[in-house]
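See below for the structure under consideration.
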Amino acid sequence: MKQLTELDLAVFQLRMGFGHADSCVDWAVERMRRDEEGDDLEVVLLASARGRDEVLPLAEAIIERYRGAQRLADQFLAGKYILELHAAYLAGRESVSSLDAIFTRLYPALDYPDWLVMLSRNCEYATDVADFEQPFEDEFRYIAGLWAQADSLAGFERAYSRETSKQHDATGV
């Protein structure tokens, strides 16, 4: 299932406009390399697919077949993506500006979840005012830490504290 989660994450990022079709293709190629595709024609077709329009329907069909009703929620996939973004930010591969562009698209796409309010807002403020960078980083660390431990959206929601997020309110600076 871990391998399917990797495909699910790649598909989510591709659907949201952040990922690359090659990530899904690489997933299928790796399955074939390890002779794990069985007689799954869609995995074989995905391994040779090119471009978003060809890759996305095949990858979605694979996920639907294996996950069905247990498909991972977009908020969960977004949380795991935020965990990746946090690591990239710490490594210098993402900046406040690049993250702001991502959060600006992600926040409404997820229907404005409470847990993303402070992170998105603080990131936006930090693009213009240096004093807001620390509150942004504090909230980013907090949210990424929760997603690192969460094995489900419900698990994350149980651990998330709006009061803790409010302590990172950049407007109080």
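Pairing residues of the range 35-49 that are of a type in the set (A, V, I, L, M, F, W, C) with residues that are assigned to a helix (DSSP H, G or I) and open to solvent by 50 Å² or more (accessible area, probe 1.4 Å), at Cβ distances under 6 Å and at least 6 apart in sequence or on separate chains, gives Ala47/Val29; Ala47/Met32. Counting only residues that are surrounded by fewer than 16 Cβ atoms within 10 Å (Cβ to Cβ) and either more than 19 Å from Ala148 (Cβ to Cβ) or aromatic (Phe, Trp, Tyr) (or both), the range 82-113 holds 11 of them.
Considering (1) of a type in the set (Gly, Ala, Ser); (2) within 30 Å of Gln167 (Cβ to Cβ); (3) open to solvent by less than 70 Å² (accessible area, probe 1.4 Å), the lone condition that Ala47 does not fulfil carries the number (2). The criterion of being in contact with a Phe, Trp or Tyr (Cβ under 6 Å, 6 or more places away or on another chain) and under 28 Å from Ala28 (Cβ atoms) holds for Leu153. For the residues Tyr81, Tyr66, the requirement of being part of a helix (DSSP H, G or I), at pLDDT below 95 and hydroxyl-bearing (Ser, Thr, Tyr) singles out Tyr66.
Can you find even one residue in the range 12-23 that is surrounded by fewer than 20 Cβ atoms within 10 Å (Cβ to Cβ), at pLDDT below 95 and either of a type in the set (Asp, Glu) or more than 26 Å from Ala150 (Cα to Cα) (or both)? No.
Scan the range 100-119 for residues that are outside any helix (DSSP H, G or I) and either among the aromatic types (Phe, Trp, Tyr) or over 21 Å from Gly155 (Cα atoms) (or both) and report the count.
1
Exactly one residue out of Ser95, Ser161 is at pLDDT 95 or above, out of contact with any helix residue (DSSP H, G or I) (no Cβ under 8 Å at 6 or more places or on another chain) and among the polar types (S, T, N, Q), and it is Ser161. Entry remark, the range 123-141: residues being part of a helix (DSSP H, G or I) and more than 24 Å from Phe76 (Cβ to Cβ) number 8 in total. What number of residues in the range 142-171 are within 18 Å of Phe132 (Cβ to Cβ), in a helix (DSSP H, G or I) and open to solvent by 70 Å² or more (accessible area, probe 1.4 Å)? Adding up the residues that qualify gives 2.
Does Ser120 meet the test of being surrounded by fewer than 17 Cβ atoms within 10 Å (Cβ to Cβ), in contact (Cβ under 8 Å) with a residue 12 or more places away in the chain and under 21 Å from Asp74 (Cβ atoms)? No: the conditions fail for Ser120. In the set Arg52, Arg65, which member is closer than 14 Å to Gln13 by Cα and touching a helix residue (DSSP H, G or I) at 6+ places or on another chain (Cβ under 8 Å)? Arg52 is the lone residue from the list that is closer than 14 Å to Gln13 by Cα and touching a helix residue (DSSP H, G or I) at 6+ places or on another chain (Cβ under 8 Å).
Remark: pairs (first residue in the range 10-34, farther than 16 Å from Leu72 by Cβ; second residue acidic (Asp, Glu) and not in a helix (DSSP H, G or I); Cβ separation under 8 Å; 6+ apart in sequence or on different chains) = Ala28/Glu37; Arg31/Glu37.
The values are calculated or read from the model by the stated rules, or taken from the named source; none is laboratory data. None of the values given here were measured: they were computed from a predicted structure. Every residue, glycine as well, gets a Cβ built from its backbone with ideal geometry; the counts of neighbours run over all protein chains shown. The accessibility values were calculated without ligands, DNA or RNA, using every heavy atom of the protein model including side chains. Shrake-Rupley method; radii C 1.70, N 1.55, O 1.52, S 1.80 Å.
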